[in-house]
Every structure is written in structure tokens, then in C-alpha cells.
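Step one of this worksheet: look at the structure below.
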Amino acid sequence: MSFFSFGQSAEIDIVLNDAETRKKVEHKTEDGKKDKYFLFYDGETVSGKVNVTLKNPGKRLEHQGIKIEFIGQIELYYDRGNHHEFVSLVKDLARPGELTQSQTFDFEFTHVEKPYESYTGQNVKLRYFLRATISRRLNDISKEMDIVVHTLSTYPELNSSIKMEVGIEDCLHIEFEYNKSKYHLKDVIVGKIYFLLVRIKIKHMEIDIIKRETTGTGPNVYHENDTIAKYEIMDGAPVRGESIPIRLFLAGYEMTPTMRDINKKFSVRYYLNLVLIDEEERRYFKQQEITLWRKGDIVRKSMSHQAVIASQRFEGSSSAEKALAQAKEDSN
Amino acid sequence: MSETTVADTRRLNSKPQDLTDAYGPPSNFLEIDVYDPQTIGVGRNRFTTYEVRMRTNLPIFKLKESCVRRRYSDFEWLKNELERDSKIVVPPLPGKALKRQLPFRGDEGIFEESFIEERRVGLEQFINRIAGHPLAQNERCLHMFLQEESIDRNYIPGKVRQ
């Protein structure tokens, strides 16, 4: 944007058609702040209007074309120059020419594929956005509007419990059990720790949730571990035969669904870390991966048909078919 | 897809605890005291020994009760053996106090009462931290230190199995 703008300039504004009804969600930005963005699901149509407002009324705006793009891209923070676009759609709004007055252009990206969930992490960001551009000879005028995409799943068919006996020979044997291996983001981890042999002096025991963000490939793999939660489940020394219950509500923690090898660029995985601490502050731990998934909200009348189709693409279960029938009924 | 069910948070089934386990003595009893410092010898050949008394019910230790006399250099020997053979990070010993061993001091140097007490406390913390470590409990040097009358510095290092 030049300070000395002789000639015409314009402001671009992108407005969605369903801005009144579409849900907004909070999403963390790179610098840690939280902002609200429109929420979309895979398969939903993105439609709206691009308002071009001329700054100096009366003067013409010459341009080499006006277009709007829908982009889904992965940005690795250590490699900012290279954006990896996995979705790139473009609609031309105006051929090269000139605008004599402010104008509004309609656009529609129908049933857009949004295969991955929006993610802002420590070393990588996956984002979706609309970008309207007025191309000009010297400098383009553009405006971006970020949206947030959530990927939904339904209850997995196979969800076995995690049950294992671990320990240090002749010192400590425990059997731990977690009721499931796949949890949705508002689920509860129900489990227990059973002490078979205790020959060390335990002071307390806790469960940590660790998020591991992996970026890079081959020899340049980088893991960033972050302890999302620490939850003490036992205070004091247990003896043989003692059973300690675990009940950990996940809704209170900021987590994303498990993301495995997204576009071969990054992964976000979650682990439960069971930690026992003895009186000399020695730590004994056992880490176990869990899969986190995002459950769709209760179908409301405003939830679009497309979102139901989208959720059907995952773990297609009979409940999704029922939801489709319900949505059809609701819209009638 | 209207899932209004509340999550099932009932406890998982577990075996009831045997009352003898619940109210019996814990199987992790291990107490080591370092006390009764005695300075023996005369003049420049003096040194201080401490009584190291151990009481335990851990099966890895042959004797459930033992009492031996050890001096600072014995603790140093144990530290070196463990640093070489075991995988543990060995905690620090109380200081060697070389400055106190220089001549022309106004006080008793390393035979000063307050210094001996300070050292005694440090040695007690040291030996308790080590003896409670599962990886150190396998080392023959630790067993010899705690439970044999004297330390044979020509011993064959190795692991103890139950």
C-alpha cells in the first residue's frame, strides 16, 4: 500500500452469504491470541460476496483482473517461503478492465473439499482462507479472510481398551488399564492402576497428557513435546493389591484431534503418560498413545445438508444415515 | 446423530484387596542410619568412622539388619564403583574439605564437631538415596558396603540376583 497514492485505490471486503447463521469458533493465532472465525466442514459450499469500494469516488480503477481464491495450505515455520497448498481453487470475478464505481461480486465455491482440520501449532500451521485480489500493473490489492475447518468423526467401530502389566523386576509391578484407546475431545478417560508389587517408596502418582507435534521428514524430523495436562491421581504410598481409579475429563483441556502424517508434512499425536514419583524424586513412567477425534455436535435444524454428507465420509455408521434422514426432514 | 448420552464414568472393575495386604507391613521398608562418629588414631593418622546401620525387609538384601563402620573414603569408593558400573546418576557426597586438612588452622579442621555433624548428615542422605534406587540395589559393591564387615577393594564387581 503506497502512502503517496496518486490515482485510485480500493478496499476489498469479503462477506459470506450465511454470515448470520454460520457458527463461529475460537482458534488460537500464531502469537497465542484467540480469535473467532467462521466454522466450515468438509464438503460445505463457501459462497459470498466480494465488495470492492473505491477510495476516491469519481476516479476510475484500472485493473488486470479481479479474482477470488479458496486456499488450504500448510506453513512450516522454519521454511516460511514455501507454502504447501493442498487445496487451491480460483474464481475469476472480473476480466481486466476498469471500475468506475464501487461494485459487488458474487462467488461460490461449491462443495469444497477440506480434508484436514485447521491447526496452529508450535512449528507448523495449517489454514484455510479466502483471498480476493485486484491485480494491477504495479501493486495488487488483496484481502484475506481466514476460516476454520473442523474434521468430524463418529464413534469408531473398534475401540479396544488399553491394558498392560509393566514394572521393574522385583521392585515395582503395576497393571494399568484405560477403558478406550480412542477418545473424543469431550470424553472421559476412565481407568485404573492396580499395584501388584511395591518395593519402592512411592510419594504420589499422576497422569500427564502429552502432545507431540512432529514436523519434517527423514533425517530432519523434529518432535515438539508439550505437556497439556498434569493430573494427580494418587497422593501417598500404595501397597500390594491396591487399586487406584482414574477419571480424567478431557473437555477442560485444549486439544485437537490426532492428526497423522497430514499431507506428509506433519503429525500431531497425543500420549498418556503415567508417572510415579518416589520419595527421592525419582520418576517412573509409562507412555501410551491415544487417538483423539472430534465428535460432531447434535444436529440442529440450521446444520446444513452438506455437513451431514461430510460426517458420513468418516467411519460411516448407521447413525450418520439417520442424521441424513433427520436433516432432510428438518429442511422440509 | 443426537447423542445426548452422558459418558459412563463408573470405575473399572478391580479385584478386592486382600486385608492382609492392606493392613500388613509394607514391603518397601528400608532405613539406613549414619551415626556415632568416632575419631580414632592419633596426630596426623587420625580419621573418623561412622556407624552405618541398615534395617530392611527388601528381599534383595541378604541381611534384614546390618551394622558396619565406614569412613569417608569408603563412601568415596562406593560412589566411584557406582558411577562406573551402574546406570544411575549418583548423588553428590558431602565435600572433601581439603581446605580443612591444611595446617595452621585455628580449629580442629576435619575433626571439628560441627563439621563432622554436617558430614554425617550428608553421608546419611547420600546412602539413603542410593540404597533406595532400584538400579543400584543390584550392585554387589552396595551390598558389600552395607552388609559386610570390611570392604574388599579387590572384589569382583558385578550384579546381585535374588
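The values are calculated or read from the model by the stated rules, or taken from the named source; none is laboratory data. Keep in mind that what you see is a predicted model, and the values were worked out from it rather than measured. Ideal geometry is used to build each Cβ from the backbone, glycine not excepted, and the neighbour counts take in all protein chains shown.
In the set (1) among the small types (Gly, Ala, Ser); (2) within 30 Å of A:Lys28 (Cα to Cα); (3) surrounded by 18 or more Cβ atoms within 10 Å (Cβ to Cβ), A:Gly241 fails one condition alone, (2). Looking only at residues in the stretch B:122-147 that are under 17 Å from B:Glu51 (Cβ atoms) and free of Cβ contacts under 8 Å to residues at least 40 places away in the same chain, the one that is surrounded by the most Cβ atoms within 10 Å (Cβ to Cβ) is B:Met144. Condition first: within 29 Å of A:Thr120 (Cα to Cα), outside any strand (DSSP E or B) and modelled with pLDDT under 95. Can you find one or more residues in the stretch A:220-227 that meet it? Within the stretch A:220-227, one or more residues are within 29 Å of A:Thr120 (Cα to Cα), outside any strand (DSSP E or B) and modelled with pLDDT under 95. Restricting the search to strands (runs of 3 or more DSSP E) fully inside the stretch A:8-47 and requiring at least 3 residues that are under 19 Å from A:Thr104 (Cα atoms) and over 21 Å from the mean Cα position of the chain (by Cα) gives A:10-16. Residues that are surrounded by 13 or more Cβ atoms within 10 Å (Cβ to Cβ) number at least 3 in the following strands (runs of 3 or more DSSP E) confined to the stretch A:95-169: A:103-109, A:124-135, A:141-149, A:162-168. For residues that are within 13 Å of chain B (Cβ to nearest Cβ) and surrounded by fewer than 17 Cβ atoms within 10 Å (Cβ to Cβ), scanning just the stretch A:281-294, find the one that is modelled with the lowest pLDDT. Once the filter is applied, the top-ranked residue is A:Glu281. How many residues are away from chain B (no Cβ under 14 Å) and either part of a helix (DSSP H, G or I) or among the basic types (Lys, Arg) (or both) when one looks only at the stretch A:228-270? Going through the stretch A:228-270 one residue at a time, the tally reaches 5.
Scanning the stretch B:12-27 for residues that are within 7 Å of chain A (Cβ to nearest Cβ) and within 30 Å of B:Glu51 (Cβ to Cβ) gives B:Pro26, B:Ser27. With respect to being more than 7 Å from every other protein chain (Cβ to nearest Cβ) and either at pLDDT below 90 or under 21 Å from the mean Cα position of the chain (by Cα) (or both), B:Thr9 falls outside the description. Looking across the stretch A:174-204 at every residue that is away from every other protein chain (no Cβ under 11 Å) and in a strand (DSSP E or B), the one that is farthest from A:Glu242 (Cα to Cα) is identified as A:Lys182. Here are some residues: B:Leu30, B:Leu82. Which one is more than 9 Å from chain A (Cβ to nearest Cβ), under 13 Å from the mean Cα position of the chain (by Cα) and crowded, with 16+ Cβ neighbours inside 10 Å? The conditions single out B:Leu82.
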